[in-house]
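Let me begin by presenting the structure, written as structure tokens, before commenting on it.
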Amino acid sequence: MDRESRADILINLPNSLTVLRILLVPVFVGFLLYEYFDYALITLLVAAVTDGLDGAIARITDQRTRLGEYLDPLADKLLLMSAMVTLSVLHFIPVWAVILVVSRDAILLTGTILANLTEIDIDIAPTWLGKGTTLAQICYVIMVILFATGRVSAEVVIPFLAIMVILTTGSGMHYLFRGIQHLNSSTKKKS
């Protein structure tokens, strides 16, 4: 199978794993709401494994698709935002931290939608800073869940919150700057 025909396959193993991750979101939220924190943690870890597997399989087998480029970060955002909002409702995460994370992702999503509507070709590939932010957010959520189970103290969770806030702010500014640069260069090319 040549490269173009592989890219046309929408439902391949990597995309199926990504869809599984999306389907785990309501299960994860349900476990949190009913305070089955151990099951929530296991569900989150299964989702994290599928996240690593889908990307690795897509690269190794050359099964990258345009759908996968959009679905993978969407699955991450759905899982993380659901976790943040739910844990905030349960009073484990400060509301201001949720506002920061959701605002950053809303700005990125709005920029992507506007670029697509205006037919500006943008690079939606995550940067290392963006990947680091996602990792920091996942680690923070895991630590908060461990705190909810009584396995770690608040003093252990606070550094994870600080790192997550710094990386979320930094990556948001970086993506915004990158988007503005790309917009300016696209505008100059059309002139």
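Values in this text are rule-based calculations from the coordinates and carry no lab data. On a predicted model such as this, the values are computed, not experimentally measured, just so you know. Glycine gets a Cβ as well: all are built from the backbone with ideal geometry, and neighbour counts include every protein chain shown.
Values computed for the structure shown
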{"read-out": "Residue list for the stretch 126-142, given a label point 7 angstrom along the Cα-to-Cβ vector of V49 and an amide N cut-off under 18 Å", "value": "139, 142"}
{"read-out": "Net +/- balance of residues flanking F147 in space, Cβ distance below 15 Å, scoring K and R +1, D and E -1", "value": "-2"}
{"read-out": "Sites excluded, GluC sites (Glu not before Pro) in DSSP loops with at most 12 other C-beta within 10 Å, longest stretch of the chain", "value": "36-118"}
{"read-out": "Share of Cα-Cα pairs in the chain lying beyond 19 Å, as whole percent", "value": "63"}
{"read-out": "Label-to-label distance, nm, for residues given as T169 and L183 (7 Å Cα→Cβ offset)", "value": "2.3"}
